[in-house]
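In what follows, a structure is listed as structure tokens, so that the remarks can point back to it.
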Amino acid sequence: MFPTILIVDDEPSILQTLSGLLLDEGFEVLTGQNGYEALKLVEAESPDLVLLDIWMPGLDGIETLKEIRKNNPHLPVIIITGHGTIETAVRATKLGAFDLIEKPLSIDRVIVAINNALNFRRLEEENRYLRKKMLEKHAIDGNSPVTRALKQTIAKAAPTDSWILISGEHGTGKELVARMIHLLSPRADCPLIDVNCAAIAEDLIESDLFGHEKGVRPGAKFKKIGKFELAHGGTLFLDEIGDMSLKMQAKILRALQAHQIQRVGGGRMIDVDVRVIAASNKNLENEILRGNFREDLYYRLNVYPIIVPPLRDRSEDIPQLVNSFLAEFAEINGDRKKAISPRALDLLRRYVWPGNVRELKNLVERLTIMVENDTIELEDIPPAYDSDKGAVEMSDEDNAFTIINFKGAKHAFEKAYLKIRLAENDYNITRTAESIGVGRSYLSKRVKALKL
């Protein structure tokens with residue numbers, strides 16, 4: 001289908017000439033002789049672009065442009081004027097005109113402007129489509145009361161430019177909440193840059209956040225742009241900010257207060273415009289009392305607090321979450337989507353989920369690989385997820401406080417402790433070892449010895 005161009009001009013000769021030329025170029029053409037006709041044609045025919053004369057009797061081009069933009073904000077409009085002034089160009093641009101062309105018209109200039117406008121509109125449409133797909137991909141599944149309340153909080157917070165502090169246990173989906181806020185915000189067209197404060201070595205985090213100049217340290221052969229600069233105009237997500245050192249917290253606070261950063265080894269201040277979203281699985285108020293977190297930084301970040309509930313408080317959402325994960329892994333693996341029986345789902349709803357949604361997702365992924373049948377049955381769920389069996393096992397093995405023998409109690413505690421920590425870290429041995437302060441090889445041996 002060829003693009004449709006609406007030409008609006010009170011001079012019949014202009015309409016005739018432009019129509020003929022555009023038809024020869026392969027466009028569909030509509031014409032109108034005044035602003036009122038233009039508005040009717042826009043509503044009735046939905047053209048792809050409007051060429052609009054600015055000087056017309058009755059409703060002039062500027063007023064017509066205003067009316068078009070009210071109901072069709074994405075329709076590109078190119079203004080045609082025989083008396084172009086800087087003031088007119090500025091006013092038309094502010095009202096949303098894509099371009100301004102002066103008479104006498106150059107057909108080459110008109111064709112270039114039309115193609116540029118149509119390409120820009122196509123990119124805008126693709127961008128809106130991709131944003132919609134991103135929202136669908138990062139949507140928070142579930143309709144339990146706490147999940148609905150969380151979605152309402154996100155909807156209220158996103159359109160503002162307030163800084164946000166997200167709290168919640170490991171695996172609850174704090175990063176997902178941050179992405180939803182960014183995608184629903186006015187900054188959605190700019191980048192969301194995430195920083196895992198717990199995963200960056202202390203001696204590298206300043207360079208990672210603020211960047212560094214060439215040659216500032218051995219191996220720094222090139223200038224590096226930091227995360228603050230990369231997020232300019234967009235959102236900076238500081239994940240696990242509670243794990244940041246006090247020294248680095250002070251530098252972050254200065255940058256946030258001044259809206260300026262200085263690269264490591266640099267001499268000039270660089271302006272940055274970022275919205276900050278921070279997240280932590282720790283109780284930062286308790287960390288302040290312990291002297292591990294700066295109180296001034298906490299209040300700077302905690303303008304709009306959001307608490308992400310643990311999965312055990314939204315067990316009604318588990319069927320929808322499981323269904324979503326089954327569909328996701330079927331698409332990834334190129335397989336037919338598996339079903340899950342009501343009895344298996346009921347068992348999953350009764351489990352406490354120390355690793356929250358992340359643990360549930362990992363289990364579903366494992367089941368889609370291990371279960372050969374089209375339906376996941378109760379018998380396919382590992383015994384560790386059976387709350388009834390778990391109660392017996394807890395008294396016999398896992399509950400260290402009920403075991404008199406010290407060696408047995410120590411063994412039970414270690415097994416229960418490592419089971420929880422592994423779930424919190426997606427069963428990643430390296431990450432779990434780092435989080436609990438032991439070597440990877442040691443943890444790997446203990447996992448095998450305890451049959452976790």
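The table below gives the values:
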quantity: Where LEU297 falls short, out of the listed (1) open to solvent by 10 Å² or more (accessible area, probe 1.4 Å); (2) within 28 Å of CYS190 (Cβ to Cβ); calculated: (1)
quantity: Filter pass, ILE252 being closer than 18 Å to LEU297 by Cα, modelled with pLDDT under 90 and in a helix (DSSP H, G or I); calculated: no
quantity: Meets criteria (out of contact with any Lys or Arg (no Cβ under 6 Å at 6 or more places or on another chain) and farther than 23 Å from LEU22 by Cα) for ASP53; calculated: no
quantity: Boolean, LEU41 is under 21 Å from LEU118 (Cα atoms) and out of contact with any Cys (no Cβ under 7 Å at 6 or more places or on another chain); calculated: yes
quantity: Residues satisfying the stated conditions in region 199-231, i.e. of a type in the set (Gly, Ala, Ser), more than 21 Å from LYS247 (Cα to Cα) and either in a strand (DSSP E or B) or in contact with a Pro (Cβ under 7 Å, 6 or more places away or on another chain) (or both); calculated: ALA231
quantity: Residue count, region 98-111 (criterion: open to solvent by less than 50 Å² (accessible area, probe 1.4 Å) and either of a type outside the set (A, V, I, L, M) or in contact with a Gly (Cβ under 9 Å, 6 or more places away or on another chain) (or both)); calculated: 4
quantity: Filter result (more than 10 Å from LEU6 (Cβ to Cβ) and either at pLDDT below 90 or buried (at least 19 other Cβ atoms within 10 Å of the Cβ) (or both)) within region 40-61; calculated: ASP53, ILE54, TRP55, MET56, PRO57, GLY58, LEU59, ASP60, GLY61
quantity: Of residues in region 220-263 being surrounded by 14 or more Cβ atoms within 10 Å (Cβ to Cβ), of a type in the set (D, E, K, R) and under 25 Å from ASN292 (Cα atoms), the one farthest from the chain's Cα centre (by Cα); calculated: LYS251
quantity: Subset of region 264-287 [in a helix (DSSP H, G or I) and surrounded by 14 or more Cβ atoms within 10 Å (Cβ to Cβ)]; calculated: LEU284, GLU287
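The rows are residues; the columns are (1) touching a residue at least 60 places away in the same chain (Cβ under 8 Å); (2) closer than 30 Å to GLN249 by Cα; (3) touching a helix residue (DSSP H, G or I) at 6+ places or on another chain (Cβ under 6 Å).
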site: GLU102; (1), (2), (3): no, no, no
site: LEU105; (1), (2), (3): yes, no, no
site: ALA155; (1), (2), (3): no, yes, no
site: ASP161; (1), (2), (3): yes, yes, no
site: GLU175; (1), (2), (3): yes, yes, no
site: CYS190; (1), (2), (3): no, yes, no
site: LEU204; (1), (2), (3): no, yes, no
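The values are calculated or read from the model by the stated rules, or taken from the named source; none is laboratory data. Since the model is a prediction, treat every value here as computed from it, not as a measurement. Cβ atoms come from the backbone with ideal geometry, glycine included; neighbour counts cover every protein chain shown. Accessible surface areas use protein heavy atoms only, side chains included; no ligands, DNA or RNA. Shrake-Rupley method; radii C 1.70, N 1.55, O 1.52, S 1.80 Å.
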